[in-house]
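Encoded as structure tokens, the structure appears first; notes follow it.
The values are calculated or read from the model by the stated rules, or taken from the named source; none is laboratory data. Since this is a predicted model, take the numbers as computed values, not measurements. Every residue, glycine as well, gets a Cβ built from its backbone with ideal geometry; the counts of neighbours run over all protein chains shown. Just the protein is used for accessible areas: all its heavy atoms, side chains included, with ligands, DNA and RNA removed. Shrake-Rupley method; radii C 1.70, N 1.55, O 1.52, S 1.80 Å.
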Amino acid sequence: MDIRNRIQQLLTAINQGVYEKDTELSLSLLAALAGESVLLLGPPGVAKSMVARRLKSAFKGAKAFEYLMSRFSTPDEIFGPISINRLKEFDKYERAIDGYLPTASVVFLDEIWKAGPAIQNSLLTAINEKIYRNGDSEIKLPLKLLIAASNELPAHGEGLEALWDRFLLRIICTCVKDEQTFYNMLLDDNDKEINVPSELQISEEEYADWRGQINRISLSAEILHYITNVRRQLKRLLLDDEGTARNVYISDRRWKNIVQLLKASAFINGRTEVNSSDLLPLYHCLWNEVDECEPIHQLVIRELFTSCLEKMEEITEAIKSDIRISRVRQALEDFKNNCSPRNELEITDYFYYHVEEHGTGHTYIFAVDYLALKEQKKENAPKQAVIYPDPLNPGRSIIRCYPGGTPSSSASQQRVNLYREGTEYLLIDGVRYPMRQRKKGEKTLPTSGKSSQNLFDKLPQITLRNYRNELNQLFQQLSTFTSSLCTDNLFVTPADKELITRYSDEVLKRLRNVEIEEEKLQFNLQQYGGANQKEV
């Protein structure tokens, strides 16, 4: 049985009779194999202690220790009482540790923040180094997993920061939410004790061997780059739509332990290298306050789609650049072929006529579009067009005609109907605007000859790329990537899948918009015939 299938069956076994605690159980097992500790935050009565008891069943011959902390708890109650015999016979101050935390494989400490300083100091070493100093000797602890629980966060200013930092995974526990699951829980009279098949349980030898294999799991430069991006954004995490930001502190020790957790996830899922799906549980490791949980969850998953968005942005800019060049070339070519030198309208920047008294007075129409307009008659239908900000000159508005109007969904574009009156007036939605006339004696743009060709030659060439093929590849990559995020990791939660689907849909919508831009480019190239283009 491969490791992934075995762990999956093990999780199914220890989940029997426990309702809506899949995330807590699976991530706690992941933490155990990574050598890390877990904090469960939630109100009383949500099965936090049950999680620890079930995790004991995951290991062969595991001993468990469970204790409810109070302000009056003493180290004797956690680490064992002082051995009177050792003190009398050998004058050694040692504890009788059998049956207490130092001999347990799985430990559950409830109301952890109520522990006194003496207990806290010993826990710091036990959690991190898996060592307990008993008298003048150090004991290597068999501890595989320490689960702490509380219904509140540690109070500020009471010296609990170091202990808080030791819990790598911080999981918020709630009551059963689904109504049918709640009914099933109420009607379940089965004994909560379970028998996990021995072939599924993890032995001491397997645990040691697996830890060695986990250490050999590799991280790619792409994963390290992802971690860097998340780390940078945590320095100014946006908490709401109003722009409230917070610097979320994550210690170097936590980042080091996070990498170990990612390696454990990759190993359990049968891989020799960490991939993107292993990053999904990351948000459980990064929050310090409850209101940071959801923004960090969104950050962790949103950042997974960055490479796809960057590629899409590069294609979008290239398409828009080619569209601009194709339109300018088309306008110049059409002007050279169609404009009469007897035309008395003023030419601006070689391609435009100036529509006076419209908007802010900086509205222009492509010369070829204006000359192609029909004069206003009852039997003539108006020409559909759009008015949009000039991408090459933000101070201008451009009128451009398309057959049937443009399919663009941009809010900055205004659809209008056009007629013209001779070469003196433009009618926009029935309102008459004068066209700027050429000053007496002013020369028109040459329609032929060397000077006109020089203007054309100065324009950049269109670099033809197979944008359609590139976009199809992005669509396929997005679909495959989304599917792999939801299926390649045993530890993906329903909340993870919901956010993954949400961000994938957002990227998909943006890809559809890029498709529209590509269709505009093809339209322009068809209109222009594709001349003066360079294929790559």
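State all residues of segment 230-288 that are of a type in the set (A, V, I, L, M) and open to solvent by 30 Å² or more (accessible area, probe 1.4 Å); if no residue qualifies, say none. Don't jump to the end; show me each part of the working.
Quick first cut of segment 230-288, residues of a type in the set (A, V, I, L, M) only: 230, 234, 237-239, 245, 248, 250, 258-259, 261-262, 264, 266, 268, 274, 279-280, 282, 286.
Passing the criteria: Leu238, Leu239, Ala245, Val259.
Can you tell me which of Leu55, Leu68 is within 43 Å of the chain's Cα centre (by Cα) and surrounded by 16 or more Cβ atoms within 10 Å (Cβ to Cβ)?
Leu55
Which count do you get for residues in segment 84-141 that are surrounded by 13 or more Cβ atoms within 10 Å (Cβ to Cβ), acidic (Asp, Glu) and not in a strand (DSSP E or B)?
Within segment 84-141, residues that are surrounded by 13 or more Cβ atoms within 10 Å (Cβ to Cβ), acidic (Asp, Glu) and not in a strand (DSSP E or B) number 2.
Under 7 Å by Cβ, and 6 or more places apart or on different chains, what pairs join a residue from segment 184-205 that is among the charged types (D, E, K, R) and open to solvent by less than 70 Å² (accessible area, probe 1.4 Å) with one that is at pLDDT below 90 and not in a loop (DSSP other than H, G, I, E, B)?
Correct list of pairs: empty, since none qualify.
What pairs can you find where one residue is in segment 284-305 and at negative phi, the other is among the basic types (Lys, Arg) and assigned to a helix (DSSP H, G or I), and their Cβ atoms are less than 7 Å apart, with a gap of 6+ or different chains?
Taking only residues 6 or more apart or on different chains, the pairs are Cys285/Arg254.
Inside segment 430-443, can you point out the residues that are under 30 Å from Lys520 (Cβ atoms) and modelled with pLDDT under 90?
Gly430
Has segment 74-81 got at least one residue that is among the hydrophobic types (A, V, I, L, M, F, W, C), open to solvent by less than 30 Å² (accessible area, probe 1.4 Å), closer than 29 Å to Arg54 by Cβ and in the same structural domain as Leu168 (by the TED database)?
Taking every residue of segment 74-81 in turn, at least one turns out to be among the hydrophobic types (A, V, I, L, M, F, W, C), open to solvent by less than 30 Å² (accessible area, probe 1.4 Å), closer than 29 Å to Arg54 by Cβ and in the same structural domain as Leu168 (by the TED database).
What helices (runs of 4 or more DSSP H) lie completely within segment 142-238 and have 2 or more residues being farther than 25 Å from His297 by Cβ?
Counting at least 2 such residues, we get 179-187, 204-215.
Does Glu518 qualify as being among the acidic types (Asp, Glu), open to solvent by less than 40 Å² (accessible area, probe 1.4 Å), modelled with pLDDT under 90 and not assigned by the TED database to the domain that holds Asp22? Step through it out loud before you land on a result.
Values: among the acidic types (Asp, Glu): yes; open to solvent by less than 40 Å² (accessible area, probe 1.4 Å): yes; modelled with pLDDT under 90: yes; not assigned by the TED database to the domain that holds Asp22: yes.
Yes: the conditions hold for Glu518.
Taking into account only those residues within segment 142-183 that are of a type in the set (Val, Ile, Thr) and touching a Leu at 6+ places or on another chain (Cβ under 6 Å), which is surrounded by the fewest Cβ atoms within 10 Å (Cβ to Cβ)?
Ile172
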